[in-house]
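What follows is one structure encoded as structure tokens, with my remarks underneath.
The values are calculated or read from the model by the stated rules, or taken from the named source; none is laboratory data. No experiment lies behind these values; they were computed from the predicted model shown. When we count neighbours, we look across all protein chains shown, and the Cβ atoms used for this are built from the backbone with ideal geometry, even at glycine.
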Amino acid sequence: MTPSLLRPAMALLLLAGLAGPLSACLQHQGSLSEDDHETVNPPVEQAVGLFARAPLHVPLVITEPAKLVSPGEDFVETLAAAHPERFRKDGEHWADATGEFTWDDDEEIYWQLVPADVLTRGRQDFVQFCSSCHGLEGDGYGRSAQHLRPPPRSFKQSSFKFTKVPSDKLPNDDALVTLVRHGLGGTPMYPWAVSEERLRDIVQYIKSLSPEEEGWRDAVNEIGAVVETGADPWEGKEAQGIAAGEIAYHRNQCYGCHPAYVTAAKLNEIRGVDKTTTYAADVTYPKLKKDSSYEVLGYKVAILAPDFTWQTLRYSGNPLEAYQTIAAGIGGAGMPTWKGAMPDEDLWAIAHYVRHLTDTYKDKPARAAFMAALRAAP
Amino acid sequence: MNSLLIGCTGRSRLPARAWLATLTALLALACAPSLAAQELADRWGPNAPASANGGRVDSLFWLITTMISVSFLIVLVMLIVPVLRDRARPGHKAHYDEGSSLHDKRFTAIVSVIVFLVLDASVLVMTMKDLREVVWNIPNVEKGAYQVEVLAQQWAWNFRVTGEDGKFGTPDDIVTINTLTLPMDRPAVFNVTSKDVIHSFFVPDMRVKRDANPGAINQVWFKPVVAGSYDILCAELCGYAHYQMHGTVNVLPAEAFKAWEKEAGALALTAYDSNDPEALWAWEWKE
């Protein structure tokens, strides 16, 4: 080939190479529509092998708005005060010009109508960020959820742990957002760095996953906020708090599920019972609670109450978080709502004590001697 | 510098002490690049290897780096010298040479052969030596191997070890997420696979990296010789939270490890639920 022909030939080749990707780009411009499902997300045939799963189909667009229990009358009240142009008083209740919040006379609650485009955005981000564990349909059984213990939450069961909301109520949006931002220690639920806007949409989508007549689709369910904390009574005198916590922890029989961290003699003294009372050999071990109300594929998940000197705590990195976790209880896990069941001072003391145990013994050489001394004692 | 120039020209007589100071300063200047390189390596270079054979990876790395750097310098000189020497200037005409003469072709061929023999062949020989002696020479249980099953997923590392009974798939297996405890001075052998997409098991301080492919079991091993905590990273882009997918290897001296294994085994038994259909995940160990 002569040099004069070389250049045009190379240019032609280059153009031909670019044509394919270029046309593909042009075709895919514009937003996703319902018809695009099949082309963008063809049914995924899962690899057959060690961890094979059933074929899946992944729809990405939601067309129906979701009718969910609103965060409550106070919430609508505050919203109405902030947007007077949108809300007007209709009898005793507020009428929303956008139709997002509607009062239901029969159920006596406000319903929240979450628009389909919010759900679609939430759905798309959910598929990208959450579905590998929580499942494409939010059933808590994604491809990566197999063998994972504790199992990822199923959003079909409307039972949440560590939201810091009293366990008889559903968590509000803020509580869920905070949980996702914080993550859960010792699990693949990391602190997720998703923007606030997108996270709010994801939360709306997660709420909409409740089945009919359950969770956010059941009018009898109340939405709760994170427990109120008040001031820490032991601030500045942590050592006293830890000592008081040791007594409160054992007097309230936390060792029924968690380990006891004192000898039997000390335990009897704290409880004020007969000195000859003996305890089971596993009193210094965490106990497994079988048959919880939380199910994965028919298996009632067993829950292990953590040993504070061994396990990584999910959401109790400081006394405040520990207080909130204890005070709110953990839904479906056998940890009751302790706020109101014992004085606030004791709750704070236990929070300090638990943090002290973790800080002093977890992953430290001191733990072996500490536990050995407990177990060797009669 | 000034005092030195003045001293050289003899315009001023400098006392011996000043000469000494100047010489020291010059020496320091000459040392500066190597000191700076050391500082850079300490700050941004890899940590010292913590495994028995990690040094081999480092020596291979430095061998390649040194040879490539030297060749690069030679090529630079060969490029720059003719450009300056043969440039057009008054009294000298530059001429265009396509390098098509027999002399040029022979020269190119000889250089290519030398480059291949010196660079590629020596790297190849070194690599094959390391592969045969270490990477492919995987210790078995009789040689004291500590077996670990690694199940990667989006986005975490699941580790399963046998506990005291030495058998996989029993209730006392210790299962952990993102933390791995290993005995010091004992080869740790890994069976690596994945639940979902391709990940890569990477422990930089041990100089070890192995892909985790779904449906395949890959093997890798190292022998930790320094107690401490080391990072585990994922070295294969595996989705949104790839960057969060890290874990920790805790290397404990033999005695501390024994105590850990006993306690972790006891706690694993406590946490074991016989009703759980997925508690005993494990695969047949691949030697």
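Summary table
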quantity	calculated
Every residue from the range A:190-205 that is more than 24 Å from residue A:158 (Cβ to Cβ) and either within 14 Å of another protein chain (Cβ to nearest Cβ) or assigned to a loop (DSSP other than H, G, I, E, B) (or both)	A:193, A:195
Per-region count, the range A:131-162, residues within 30 Å of residue B:171 (Cα to Cα) and within 14 Å of chain B (Cβ to nearest Cβ)	18
Inter-residue pairs, beta-carbon under 9 Å, first within 11 Å of chain B (Cβ to nearest Cβ) and in the range A:280-294, second part of a strand (DSSP E or B) and among the charged types (D, E, K, R), 6+ apart	A:290/A:300; A:291/A:300; A:292/A:300
Close pairs from the range A:122-135: first in contact (Cβ under 8 Å) with a residue 40 or more places away in the chain and closer than 16 Å to residue B:197 by Cα, partner among the small types (Gly, Ala, Ser) and not in a helix (DSSP H, G or I), Cβ under 6 Å, at least 6 apart	A:133/A:142
Long-range neighbours under 7 Å by Cβ, at least six apart or interchain, first residue of a type in the set (S, T, N, Q) within the range B:155-167, second modelled with pLDDT of 90 or more and surrounded by fewer than 13 Cβ atoms within 10 Å (Cβ to Cβ)	none
Matching residues in the range B:253-268 - criterion: being in contact with an Asp or Glu (Cβ under 9 Å, 6 or more places away or on another chain), more than 9 Å from every other protein chain (Cβ to nearest Cβ) and either at pLDDT below 90 or surrounded by 16 or more Cβ atoms within 10 Å (Cβ to Cβ) (or both)	B:261, B:265, B:268
Residues being acidic (Asp, Glu) and either assigned to a loop (DSSP other than H, G, I, E, B) or surrounded by fewer than 16 Cβ atoms within 10 Å (Cβ to Cβ) (or both) - total across the range A:331-360	2
Single unsatisfied condition, residue A:165 versus (1) without any contact (Cβ under 8 Å) to a residue 40 or more places away in the chain; (2) away from chain B (no Cβ under 14 Å)	(1)
Selection within the range A:328-340 - among the hydrophobic types (A, V, I, L, M, F, W, C) and closer than 13 Å to residue A:254 by Cα	A:335, A:338
Residue A:171, sole failed condition from (1) buried (at least 22 other Cβ atoms within 10 Å of the Cβ); (2) within 11 Å of the chain's Cα centre (by Cα); (3) in contact (Cβ under 8 Å) with a residue 60 or more places away in the chain	(3)
Given (1) at pLDDT 90 or above; (2) surrounded by fewer than 17 Cβ atoms within 10 Å (Cβ to Cβ); (3) not small (Gly, Ala, Ser), number of the condition residue A:190 does not satisfy	(2)
Any chance residue B:249 is at pLDDT 95 or above, within 21 Å of residue B:137 (Cα to Cα) and of a type in the set (Val, Ile, Thr)	no
Sole residue being at pLDDT 90 or above, surrounded by 10 or more Cβ atoms within 10 Å (Cβ to Cβ), of a type outside the set (A, V, I, L, M) and under 30 Å from residue B:184 (Cα atoms), chosen from B:47, B:53	B:53
Cβ pairs under 7 Å, 6+ apart, first in the range B:112-134 and β-branched (Val, Ile, Thr), second surrounded by 11 or more Cβ atoms within 10 Å (Cβ to Cβ) and not in a helix (DSSP H, G or I)	B:134/B:53
Some residue of the range A:318-329 being assigned to a loop (DSSP other than H, G, I, E, B), within 14 Å of chain B (Cβ to nearest Cβ) and touching a strand residue (DSSP E or B) at 6+ places or on another chain (Cβ under 7 Å)	no
Within the range A:168-189, tally of residues that are in a loop (DSSP other than H, G, I, E, B) and away from chain B (no Cβ under 14 Å)	3
Odd one out for residue B:83 among (1) in contact (Cβ under 8 Å) with a residue 40 or more places away in the chain; (2) farther than 30 Å from residue B:221 by Cα	(1)
Those residues of the range A:361-372 which are free of Cβ contacts under 8 Å to residues at least 24 places away in the same chain and not in a loop (DSSP other than H, G, I, E, B), in sequence order	A:366, A:368, A:369, A:372
Qualifying positions in the range B:140-168 - among the basic types (Lys, Arg) and surrounded by 16 or more Cβ atoms within 10 Å (Cβ to Cβ)	B:160
Complete set of residues in the range A:314-330 that are surrounded by fewer than 20 Cβ atoms within 10 Å (Cβ to Cβ) and under 17 Å from the mean Cα position of the chain (by Cα)	A:317, A:321
Residues that are within 12 Å of chain A (Cβ to nearest Cβ), within 19 Å of residue B:240 (Cα to Cα) and crowded, with 20+ Cβ neighbours inside 10 Å, drawn from the range B:193-203	B:194, B:195, B:196, B:197, B:199
Number of the condition not met by residue A:231 [criteria: (1) in a loop (DSSP other than H, G, I, E, B); (2) within 14 Å of chain B (Cβ to nearest Cβ)]	(2)
Leading residue by the ranking (farthest from the chain's Cα centre (by Cα)) among those in the range B:231-252 that are more than 11 Å from chain A (Cβ to nearest Cβ) and without any contact (Cβ under 8 Å) to a residue 60 or more places away in the chain	B:237
Flag for residue B:97 being surrounded by fewer than 12 Cβ atoms within 10 Å (Cβ to Cβ) and assigned to a loop (DSSP other than H, G, I, E, B)	yes
Qualifying residue in the range B:78-85 (condition: more than 14 Å from chain A (Cβ to nearest Cβ) and closer than 30 Å to residue A:189 by Cβ)	no
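Quick grid of which residues meet (1) at pLDDT below 90; (2) farther than 23 Å from residue A:205 by Cα; (3) among the β-branched types (Val, Ile, Thr); (4) within 31 Å of the chain's Cα centre (by Cα):
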| site | (1), (2), (3), (4) |
| --- | --- |
| A:6 | yes, yes, no, no |
| A:21 | yes, yes, no, no |
| A:54 | yes, yes, no, yes |
| A:59 | yes, no, no, yes |
| A:66 | no, no, no, yes |
| A:71 | yes, no, no, yes |
| A:75 | yes, no, no, yes |
| A:93 | yes, yes, no, no |
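Let's see how each residue does on (1) free of Cβ contacts under 8 Å to residues at least 60 places away in the same chain; (2) surrounded by fewer than 18 Cβ atoms within 10 Å (Cβ to Cβ):
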| residue | (1), (2) |
| --- | --- |
| B:170 | no, yes |
| B:184 | no, no |
| B:191 | no, no |
| B:205 | no, no |
| B:210 | yes, no |
| B:214 | yes, no |
